[in-house]
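Participant: Right, I'll just put the structure down here and ask away after.
Every number in this text was worked out from the coordinates using simple rules, so none of it is lab data. Just so it is clear, the structure is predicted and the values come from calculations on it, not from any experiment. We place every Cβ from the backbone using ideal geometry, glycine too, and count neighbours over all the protein chains shown.
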Amino acid sequence: MDVTAAVGELRDVFEKAGSADGMPGDDELYGALLWAERNVGVLNAATDAVRRSAALTRVRLWQYLREQIDQHQLRAVDDARNARAEWADLAAPLAVTAASAAYNKAQRMRTATLADPELGAGRVRRTPEAAALAQRRIAAAEFAERRRAERAGRKHALTLRVARQLLIHRGDFVQDEDVNDWLDEIAAVVDDCNTPTRQVSLGTYVAATVRALKAVERRTAHSSAGTEESRAVLATALALLNEN
């Protein structure tokens, strides 16, 4: 939600209806909402549609603020727990009477910050059980993402080694226009693969080089690599391509 824009729209409504004098700035959400509540009479002469739109904007902004409060209060709870506060110590600050109630309230607040990978954002029920289930699913999704990133990192490291070996043995490969063009593409990015886009590009160029070399072999019925070392490089590159 673009909060600044929404507050600005609310301000425009009041200005057109009479006055927005004294309304806090667009980046002062809480103060702007309190001002709009106190000065709702400015809209008395406006149409029902205008007053309804302004009221609905306030509802959306209060809801946004409520969600932000849950997140910030939860961070304070986590900080207290990290400082060895017991749940009993948090009961009074959370306006409950028992340690178990403080724990359950914190878990309910936690649901406001969770996006269950299987349910989507905003659909986690505000119960400790639902929060715990969502946290387990989130942890599993994060673990899977870490594994994927680790695999991608290993794959890129191997691709980088193969790319450099292809360039080192460039003179040992058959002279072919397509092969040379793709090797030129590899040379252009191999020393500057510091972004995901460039890493993907390098993989694409290595794969295209291998395909071009194998195409030469099919046309000529001869190896496209002229030395034992270059044939080994090509075999490694082909194995890398077949992993995709």
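Participant: What FRET efficiency comes out for the pair VAL59/ILE138, r = Cβ-Cβ distance, R0 = 22 Å, nearest 0.05?
Facilitator: So, using R0 = 22 Å, E works out to roughly 0.15.
Participant: Let me ask something else. Could you please tell me the mean projected area of the C-alpha convex hull for the stretch 144-242, averaged over all directions and given in square nanometres to one decimal?
Facilitator: With the hull built on Cα positions only, its mean projection is 6.2 nm².
Participant: Sticking with the crude label model, points 7 Å out along Cα→Cβ, report the distance from ILE168 to THR220 in nm, one decimal please.
Facilitator: Roughly 2.3 nm, to one decimal.
Participant: If amide H atoms are built 1.01 Å from N in the plane of the peptide, which residues on other chains or at least 5 residues away come under 5 Å of the amide H of PHE173?
Facilitator: HN-HN under 5 Å from PHE173: GLY226.
Participant: Please report GLU142, GLU185 as a ranked list, fewest other C-beta atoms within 10 angstrom at the top and most at the bottom.
Facilitator: GLU142, GLU185
Participant: Moving to a separate point now. Looking at the P(r) of the chain, how many percent of alpha-carbon pairs lie beyond 26 Å?
Facilitator: 65 percent
Participant: Another question, then. Quick check: convex hull of the Cα atoms in the stretch 3-80, volume per residue, rounded to a whole Å³?
Facilitator: Spelled out: Cα convex hull of the stretch 3-80, divided by residues, is 82 Å³.
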